[in-house]
1. Is it true that R59 is in contact with a Lys or Arg (Cβ under 9 Å, 6 or more places away or on another chain), of a type in the set (K, R) and farther than 24 Å from I215 by Cα?
2. Looking at region 156-183, I want the residues that are more than 16 Å from the ligand (Cβ to nearest atom) and have a partner that is open to solvent by 10 Å² or more (accessible area, probe 1.4 Å) and part of a helix (DSSP H, G or I) with Cβ atoms under 9 Å, at least 6 apart or on another chain. Which pairs are those?
3. Considering (1) open to solvent by 10 Å² or more (accessible area, probe 1.4 Å); (2) in a helix (DSSP H, G or I); (3) within 16 Å of the ligand (Cβ to nearest atom), say which one E196 fails and leave the rest.
4. Inspect region 128-139 for any residue being within 30 Å of V96 (Cβ to Cβ), touching a Gly at 6+ places or on another chain (Cβ under 6 Å) and not in a helix (DSSP H, G or I) and give the result as yes or no.
5. Scan region 222-252 for residues that are away from the ligand (no atom under 12 Å from the Cβ), charged (D, E, K, R) and in a helix (DSSP H, G or I) and jot them down.
6. Looking at region 133-150, which of its residues are within 23 Å of L27 (Cβ to Cβ) and open to solvent by 10 Å² or more (accessible area, probe 1.4 Å)?
7. Considering (1) within 15 Å of the ligand (Cβ to nearest atom); (2) touching a residue at least 24 places away in the same chain (Cβ under 8 Å); (3) open to solvent by less than 60 Å² (accessible area, probe 1.4 Å), say which one A203 fails and leave the rest.
8. Just name the residue that is nearest to G269 (Cα to Cα) out of those in region 205-221 that are under 16 Å from the mean Cα position of the chain (by Cα) and assigned to a loop (DSSP other than H, G, I, E, B).
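The values are calculated or read from the model by the stated rules, or taken from the named source; none is laboratory data. Please read all numbers here as calculations on a predicted model, not as lab measurements. Don't worry about glycine lacking a Cβ; one is built from the backbone with ideal geometry, like all the others, and counts go over all protein chains shown. With ligands, DNA and RNA removed, areas are computed over all heavy atoms of the protein, side chains included. Shrake-Rupley method; radii C 1.70, N 1.55, O 1.52, S 1.80 Å.
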Amino acid sequence: MQFMNKMTLKRNIAVLGSTGSIGRQTLDIIAEYPDLFNAWLLVARSSADLLIAQARLCRPHMVIIADEQYYDYVRDALEDTDIIVATGSAAIAQAVTAPEIDTVVTAMVGYSGLESTIAAIGAGKRIALANKETLVVAGELIDRLLKDSESVLYPVDSEHGAFYQCLVGERHEDIDKLWLTASGGPFRTLPKEQLETVTAADALKHPNWSMGAKITIDSATMMNKGFEMIEARWLFGVMPDDIEIMVHPQSIIHSMVAFKDGSVKAQLGLPDMHLPIRYALGLPDRRLASNSRKMTLEDMATLTFERPDFDKFPLLGMAYAAARTGGTAPCVMNAANEIAVAAFLQDKIKFTDIYKIIENTMEKAPHIKHPTYEDYVASNANARAIAERLAKH
Ligand code: MG
């Protein structure tokens, strides 16, 4: 009887980053369960045409195009509807607090997700967190804000969805460590020397997951796994050194938890982001039944594991160092990474320059041990400026 459906009212969902990979898949799930969910607010950075098409299809209460130069275009295109159109980051932070909204899916890319996530916590919303950079940049602050709020964070990242599922019914004190799985990315088997000459096109060919450009490059450098370690550290209240990264190229086990009695729980599933999104949106009431392809014995016939190569992927070690240092260190690392990845995607720098830029930025940027929100904002801006200069040389 404890599995009785408590989800009797339709949930209004705000999708921040609706035109990105996670945003589009979230709209698939909302459309899959029309009796349970309604897209109430859609937010996009600059993909105006896709936002207009989504608005015509989902009929949300409101859409926001973050980049102001597209505002007139979107407003005019939706003039014949009763959909409210707004623009700018202040409008986003304001809109997520609307009392009609039940759940905020934060799927914006990078640092830009921070302000609206803080606003959603302030308004006590359920948050399906897809923007891992929020916890990387300001995990300490978010953790503090959550303690004073009714807001709950549900992870959308597949690894963190796995940890969450492994931890249902367990006591925190019984955790020995978290095993964070990584596919290893497109360069897992490439000799280290050849990383000097790989192109953005090479790095964008991820073996298992279909994702946006920024996170795909983060997977190729393994920065993504460093970010996920920091994300897990805050979501599950463990220390960085309680999290061990393991390379599992098939991406069938999405992560595992080892307990103090020697038992290990793993969560398995096909590498399809619809699964963790569906799980997060069903929380805390139930699993949402689906007609999507189910896993077969063949899918899990060969599961292999290896240790990550910290020498070939130095951003892994840098992420652990930043997490142990705390304060603004992870914020600086994230800012430098955003600039370096953008420069690499534009073929302005080499793949291996990404970590040189991050390392140099972290050396040059001042460190604040107990940052306020304003400190994070200033630290992010300062680190971006340093990284921009480094990327030009
Ligand atoms: Mg992930």
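1. No.
2. I175/L167; I175/D242; D176/D242; K177/D241; K177/D242
3. Result: E196 fails condition (3) only.
4. So far as region 128-139 goes, yes, one or more of its residues are within 30 Å of V96 (Cβ to Cβ), touching a Gly at 6+ places or on another chain (Cβ under 6 Å) and not in a helix (DSSP H, G or I).
5. R233, D241, D242, listed by residue number.
6. Passing the criteria: only E133.
7. Checking A203 against (1) within 15 Å of the ligand (Cβ to nearest atom); (2) touching a residue at least 24 places away in the same chain (Cβ under 8 Å); (3) open to solvent by less than 60 Å² (accessible area, probe 1.4 Å), the one that fails is (1).
8. W209
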